[in-house]
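Participant: So that we are looking at the same thing, I have put the structure below in structure tokens.
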Amino acid sequence: MRERKDDGSNIGCLHNLGRCGSTLVSNMVHKTGQCQVLSEPGALLDIALLAFQSPKLLNDPRTVAILRATLLFLAKSPDARYLIKIHSFVMRILPLIHRALPRAHEAFMCREFRPMLLSFKKAFTMNFSYRMFKFIFTSIGFITKESVRAMESQGVDNLDKMFLYLFCEKTKTFIDECVSRADLISYSYESLLADPAAFTSHFLDHIGVGSQFTELALTAMKEDSQKNSWLSKKEVDKRSQATVTILEEDVEFARALAERNFGIKLEGGNLGIVGLPNLWNEDK
């Protein structure tokens, strides 16, 4: 029997902010036929939720050991290559994944904040109030009552501001992790649309699949990445007939909040992230 790769070198992890093209990229990797794609495994979300409810667990070596065992269990074939698309709310344990499997190939997918929020609103929030979403998120464990109070102390008083705050928080987690790492590469949805072939070639090389499979991967761009799910374009359009908008005052709130609380500069009407570290095409 071949010796198992316990260092994570056959595993890619795709972190993301949500509604930023990560499902499309995962489908592109699947199209190559060279990599098993696991989308948002519940086991990783459970670990993240537990750690968020008890923050001291983030510094507990046993959490890293459990996370390592879970990742290796998910990637159970030593001869296969895996891409694990990680739920956006698992961003809080991003630093632990590197400690658990230092040789895993990690990437971060993002998008300009404004179109990302519009996509969230169209897909999820048309029929929910701020109060209802707070109840749902705290009940599931995505956020704690303490974190809600912290957000509201900074001026969060509606659903759009809440999502924009969470985008900032998760982006800051990524930026902080990049301080000591050059191997954690960032990709944007905008750069995927601008040059699909170059984006895909770089991403496939980064996760260990190989750029020679770029042409196969690009065939996924002709399909609805959420087909046959409740997030498919057809289903989302069916649920949200009204025009989705964001108030300019909320856009300005996000711009000021990002710089004041998180040290993140957002530019333009679409709130693009300025100076995102380790960009795949920063030298282009």
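Participant: What is the number of the single condition among (1) among the β-branched types (Val, Ile, Thr); (2) open to solvent by less than 70 Å² (accessible area, probe 1.4 Å); (3) out of contact with any Lys or Arg (no Cβ under 8 Å at 6 or more places or on another chain) that ILE66 does not meet?
Facilitator: (2)
Participant: Oh, and also: Go through the stretch 37-63 and give me each residue that's within 19 Å of LYS85 (Cβ to Cβ), open to solvent by less than 40 Å² (accessible area, probe 1.4 Å) and assigned to a helix (DSSP H, G or I).
Facilitator: Scanning the stretch 37-63 gives LEU44, LEU45, ILE47, ALA48, LEU49.
Participant: Among (1) outside any helix (DSSP H, G or I); (2) surrounded by 15 or more Cβ atoms within 10 Å (Cβ to Cβ); (3) of a type in the set (Asp, Glu), which single condition is ASP160 missing?
Facilitator: (1)
Participant: Say whether the condition of being at pLDDT 95 or above and of a type in the set (D, E, K, R) is met by at least one residue in the stretch 197-218.
Facilitator: Taking the stretch 197-218 and keeping what is at pLDDT 95 or above, we get 197-218.
In the following step, the residues that additionally are of a type in the set (D, E, K, R) were identified as 205, 215.
Within the stretch 197-218 (the criterion being at pLDDT 95 or above and of a type in the set (D, E, K, R)), the answer is yes, since at least one residue qualifies.
Participant: Something else: So which helices (runs of 4 or more DSSP H) are wholly in the stretch 188-265 and hold at least 1 residues that are within 18 Å of LEU118 (Cα to Cα) and open to solvent by 20 Å² or more (accessible area, probe 1.4 Å)?
Facilitator: 189-194, 233-239, 248-262
Participant: Could you check how many residues of the stretch 94-129 are out of contact with any Asp or Glu (no Cβ under 9 Å at 6 or more places or on another chain), outside any helix (DSSP H, G or I) and either of a type in the set (Ser, Thr, Tyr) or surrounded by fewer than 19 Cβ atoms within 10 Å (Cβ to Cβ) (or both)?
Facilitator: 4
Participant: Can we say MET91 is open to solvent by less than 20 Å² (accessible area, probe 1.4 Å), outside any loop (DSSP other than H, G, I, E, B), out of contact with any Gly (no Cβ under 8 Å at 6 or more places or on another chain) and more than 23 Å from LYS233 (Cβ to Cβ)?
Facilitator: On the way: open to solvent by less than 20 Å² (accessible area, probe 1.4 Å): yes; outside any loop (DSSP other than H, G, I, E, B): yes; out of contact with any Gly (no Cβ under 8 Å at 6 or more places or on another chain): yes; more than 23 Å from LYS233 (Cβ to Cβ): yes.
Considered against the rule, which asks whether it is open to solvent by less than 20 Å² (accessible area, probe 1.4 Å), outside any loop (DSSP other than H, G, I, E, B), out of contact with any Gly (no Cβ under 8 Å at 6 or more places or on another chain) and more than 23 Å from LYS233 (Cβ to Cβ), MET91 comes out as yes.
Participant: What are the residue pairs meeting all of these: first residue in the stretch 34-61, first residue more than 21 Å from ALA220 (Cβ to Cβ), second residue in a helix (DSSP H, G or I) and basic (Lys, Arg), Cβ atoms under 7 Å, and 6 or more apart or on different chains?
Facilitator: ALA48/ARG92; ALA51/ARG92; PHE52/ARG92
Participant: Name the one entry in ASP60, ASP6 that is modelled with pLDDT under 90 and out of contact with any strand residue (DSSP E or B) (no Cβ under 7 Å at 6 or more places or on another chain).
Facilitator: ASP6 is the lone residue from the list that is modelled with pLDDT under 90 and out of contact with any strand residue (DSSP E or B) (no Cβ under 7 Å at 6 or more places or on another chain).
The values are calculated or read from the model by the stated rules, or taken from the named source; none is laboratory data. These numbers come from a predicted model, not from an experiment. Don't worry about glycine lacking a Cβ; one is built from the backbone with ideal geometry, like all the others, and counts go over all protein chains shown. Just the protein is used for accessible areas: all its heavy atoms, side chains included, with ligands, DNA and RNA removed. Shrake-Rupley method; radii C 1.70, N 1.55, O 1.52, S 1.80 Å.
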